[in-house]
Amino acid sequence: MTPGLKMESKSTQIHLPLMGRGSRGDLSDKVTFSQIKSPEQLNNGQLLGGSQMNLCNGGVGTAAMTGLVPKIHNDCGDQKKPMASLTHLPKRPPVDIEFSDLSYSVSEGRKRGYKALLKCINGTFRSGELTAIMGPSGAGKSTLMNILAGYKTSNVTGSILINGKERNLRRFRKLSCYIMQDDCLLPHLTIREAMYVSANLKLGKDMTVTAKKIVIDEILEMLSLVDAADTRTINLSGGQKKRLSIALELVNNPPVMFFDEPTSGLDSSSCFQCISLLKSLARGGRTIICTIHQPSARLFEMFDFLYTLSEGQCIYQGRVCGLVPFLSSMSLHCPSYHNPADYVMEVATGEHGDWVHKLVMAVNKGYCGRGQTSTSSSSSSVPQNCNFNNQSKSNVEKVDALQIVIDKPTCTVIDMSEPNINTEKQNALPNATNLAPVTCTTSLLDSSESFTKKPINAGFPTSGWKQFWILLKRTFRSILRDQMLTHLRLCSHTVVGLLIGFLYYDIGHDAAKVMSNAGCIFFTVMFTMFTAMMPTILTFPTEMSVFVREHLNYWYSLKAFYFAKTMADLPFQIVFSGVYVIIVYFMTGQPMQTDRVLMFTTINILTALVAQSLGLLIGAAMKIETGVYLGPVTTIPVVLFSGFFVNFNAIPSYLQWLTYLSYVRYGFEGAMLSVYGFGREKLHCSEAYCHFRNPDMFLKEMTMDHANFWVDVGALSAFFVFIRVISYLVLRFKLKMMQ
Ligand SMILES: Nc1ncnc2c1ncn2[C@@H]1O[C@H](COP(=O)(O)OP(=O)(O)OP(=O)(O)O)[C@@H](O)[C@H]1O
């Protein structure tokens with residue numbers, strides 16, 4: 001019989017199966033998810049009783065002090081080893097989110113005007129509760145969550161209050177995290193490495209290395225990821241990836257966590273265990289909000305609060321257990337043995353008739369939900385038809401408790417309101433003195449910010465250089481481990497280099513073979529160009545999805561990411577192109593002069609860097625499928641105007657300007673000059689007559705006699721910088737468009 005972890009409240013009794021330690025060797029989701037630790041241990045920075053918890057962590061203190069959630073017992077008496085607990089996380093305030101008259105519309109073009117996706121909805125999501133946003137596809141669930149998380153801000157009307165005060169978006173974003181449906185993780189990092197990156201970026205200098213290690217170990221233990229800690233993310237199961245996504249965000253202990261369909265792609269057992277984990281996080285005092293499609297009855301009853309949308313309007317908000325009575329009161333009787341979640345979805349989609357409007361009216365009249373009271377008002381009206389239990393009352397008490405703390409302070413109250421209404425008060429509760437601001441200080445909202453009323457720190461938890469350095473190391477490590485990006489490329493450069501070397505063996509000094517040699521040089525430029533561009537088009541979108549997740553969760557800036565990416569790519573690109581070019585150069589018998597070797601290698605590397613930047617631009621701007629097509633297709637005109645297929649003089653004058661836009665032209669021209677230019681002596685002729693014994697004549701034939709190698713170098717460098725800047729701007733634009 002599986003030992004169990006029993007969670008009791010006056011309204012709910014949930015049994016979380018907890019496997020014994022003996023079963024830990026199995027990394028399957030069933031086992032590992034089921035080892036989620038006690039909700040008490042997952043509290044929002046556990047320690048301490050009473051006042052500090054009220055203040056800083058929203059943790060589960062004594063009910064009298066915190067007024068938080070009911071006590072949860074851990075029945076798991078047979079644990080051999082004491083379970084880890086999250087005692088070292090930064091302390092956080094409990095956060096309640098209230099929104100009223102929230103509307104959102106999108107433009108559908110000039111003719112069709114605006115389409116309303118959310119229509120004047122109201123609601124309150126509270127700390128200590130696991131909230132589900134449900135509704136049929138297209139009802140507006142993700143839209144609502146994106147707006148609440150602060151990812152969508154334009155065209156939004158209505159108000160969003162945080163702990164009863166106007167939301168300050170930046171501060172709120174620092175205290176919340178958004179865990180997306182797809183687990184956007186870097187495939188070649190292990191769990192532990194990923195956790196260290198997260199800790200270093202999110203906790204900054206506030207914590208020592210040892211403290212960070214403790215935090216990481218605790219989280220891994222808590223989320224049963226210890227056994228897989230040294231496994232690369234690419235090899236993790238779906239459930240483990242989901243838990244890693246949660247673990248990465250837990251590092252700085254955000255009091256608000258948004259989850260977009262956290263159970264998608266998981267089997268029923270893993271779904272249950274995933275929701276158990278979320279519930280445990282909520283029980284630790286966090287505000288956990290997730291969209292969910294159609295949960296099983298078992299999953300459904302695990303949620304504390306339900307917010308149901310249909311056509312952008314709320315058709316139910318309140319306790320999960322209050323749903324069926326509410327619907328009954330509207331003459332919508334959920335049949336026995338029918339999953340209420342399915343039933344409400346059927347109602348929302350109109351399967352039982354046109355009820356949406358009536359339900360919306362009922363919700364607006366306050367027949368369900370918490371009533372439209374602010375969190376700061378302790379006397380929330382308890383709706384008639386909803387089964388409000390003691391837990392929700394305790395939340396009201398919690399608000400009162402917070403109020404007391406705010407009135408009598410010694411410790412910084414972290415305030416997420418607008419600066420002009422920022423309240424900093426100190427707590428005079430007896431125990432609070434030695435708990436003090438230090439424990440309340442968080443890496444993201446440091447006490448000085450609250451104490452001194454400085455303008456809001458625009459920055460991230462760590463400095464720009466620190467972010468750059470951490471990301472540079474991470475990108476470097478990822479590239480090194482990437483079989484496709486690194487090992488395969490190195491192999492292909494060597495093999496193709498040797499092949500070309502054998503094909504054009506020793507032709508470089510032969511005047512009879514100058515045309516073949518020009519072909520060899522052109523192919524070299526083309527090869528370095530394509531091998532730099534295509535892998536970037538293929539891999540950058542994955543990196544970008546990770547970047548978007550981390551950037552939106554306030555880990556680091558776009559600048560740091562982009563600069564680190566650029567710098568980490570450089571050495572690899574230089575080495576790959578260098579290896580190929582050197583092999584080809586020596587095997588094909590090009591002039592053995594150091595300066596020529598250097599010039600030839602440099603110009604090819606520069607061409608590769610420009611091509612790689614183009615790959616980055618394409619990867620940043622479009623999807624992989626489009627990029628894979630557009631990359632080579634857009635390269636064709638560039639190659640056409642390179643000067644190899646058509647001489648400059650042969651190009652119609654109205655098209656000649658295009659040759660200046662062809663970066664391949666500069667690459668090819670520069671390579672030709674480094675081999676045949678700079679007053680090279682007459683070539684050896686292996687036949688009776690060689691027309692191009694004089695290299696200058698050959699350059700003249702190629703319309704390169706007036707070309708300047710350094711102009712080519714300058715042009716390629718300018719292309720490199722220009723395309724990198726454009727790519728950066730594209731990324732910035734894309735980020736903006738997401739909000
Ligand atoms: N930019 C847009 N232009 C037009 N319509 C949009 C736009 N963005 C979203 N919508 C529409 O808004 C509605 C709500 O979208 P949203 O993604 O919030 O739905 P959802 O409830 O999360 O659906 P699902 O469960 O399928 O993900 C959908 O009908 C969608 O087509």
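Where a number appears in this text, it was derived from the coordinates with a stated rule and is not lab data. Small disclaimer: the values here were computed from a predicted structure and weren't measured. Cβ coordinates were reconstructed from backbone atoms using ideal geometry, including for glycine residues, and neighbour counts include every protein chain displayed.
The Cα center of region 473-546 and the Cα center of region 669-737 differ in position by 18 Å.
How large is the dipole of region 168-243 about the Cα centre if only Lys and Arg carry +1 and Asp and Glu carry -1, each at its Cβ, rounded to the nearest 20 debye? Each step should come with its number before you reach the end.
Details: 13 positive and 9 negative charges, 105 e Å.
I would put it at about 500 debye.
Is region 502-737 best put as rounded, prolate or oblate by its Cα gyration tensor, with a ≥ b ≥ c the root eigenvalues, rounded for a/c under 1.5, and otherwise prolate when a/b is larger than b/c, oblate when not? Prolate is the answer for region 502-737, as a/c is 1.5 or above and a/b outweighs b/c.
Using 0.36 nm times the number of residues separating Ser103 and Ser686, minus their current alpha carbon distance, what extension gain do you get? Could the numbers behind the result be given before it?
Details: separation 583, 0.36 × 583 = 209.88 nm, distance 8.13 nm.
Extra length available between Ser103 and Ser686 comes to 201.8 nm.
Between Leu661 and Asn235, take the C-beta separation as r, use R0 = 60 Å, and let me know the FRET efficiency to the nearest 0.05. Mind dumping the intermediate values first?
Working: r = 45 Å, r/R0 = 0.75.
After rounding, the FRET efficiency stands at 0.85.
Can you find, among Phe576, Gly619, Ala560, the residue farthest towards the positive end of the dipole of region 502-737? Put +1 on the C-beta of Lys and Arg, -1 on that of Asp and Glu. Checked the options; the winner is Ala560.
When +1 charges are put on Lys and Arg Cβ atoms and -1 charges on Asp and Glu Cβ atoms, the dipole computed for region 502-737 relative to its Cα centre reaches about 780 debye.
Averaged over residues, the count of other Cβ atoms within 10 Å places the peptides 676-687, 701-712, 461-472 in the sequence 461-472, 701-712, 676-687, highest first.
Pairs from the list Lys119/Lys174; Lys205/Lys736; Lys152/Lys734; Lys165/Lys279; Lys242/Lys279; Lys559/Lys623 with a Cα-Cα gap above 19 Å: Lys119/Lys174; Lys205/Lys736; Lys165/Lys279; Lys559/Lys623.
At a Förster distance of 41 Å, what's the computed FRET efficiency of Lys213 paired with Leu735, Cβ-Cβ distance as r, to 0.05?
On the way: r = 32 Å, r/R0 = 0.79.
After rounding to 0.05, the efficiency reads 0.80.
Which FRET efficiency value, to the nearest 0.05, do you get for Asp506 and Glu701 by plugging their Cβ-Cβ distance into 1/(1 + (r/R0)^6) with R0 = 25 Å? Computed FRET efficiency for Asp506 and Glu701 comes out at 0.65. The peptide list 717-725, 250-258, 176-184, put in order of mean Cβ contacts within 10 Å with the highest first, becomes 250-258, 176-184, 717-725.
What ranking, highest mean first, results for peptides 313-322, 648-657, 571-580 when packing means the other Cβ atoms within 10 Å averaged over each residue?
Numbers: 313-322: 24.8, 648-657: 10.5, 571-580: 19.4.
Taking the mean over residues of other Cβ atoms within 10 Å, the ranking is 313-322, 571-580, 648-657.
How large is the charge dipole for region 518-622, taken about the Cα centre, if only the Cβ atoms of Lys, Arg (+1) and Asp, Glu (-1) carry charge, to the nearest 20 debye?
Numbers: 4 positive and 4 negative charges, 14 e Å.
Rounded to the nearest 20 debye, it is 60 debye.
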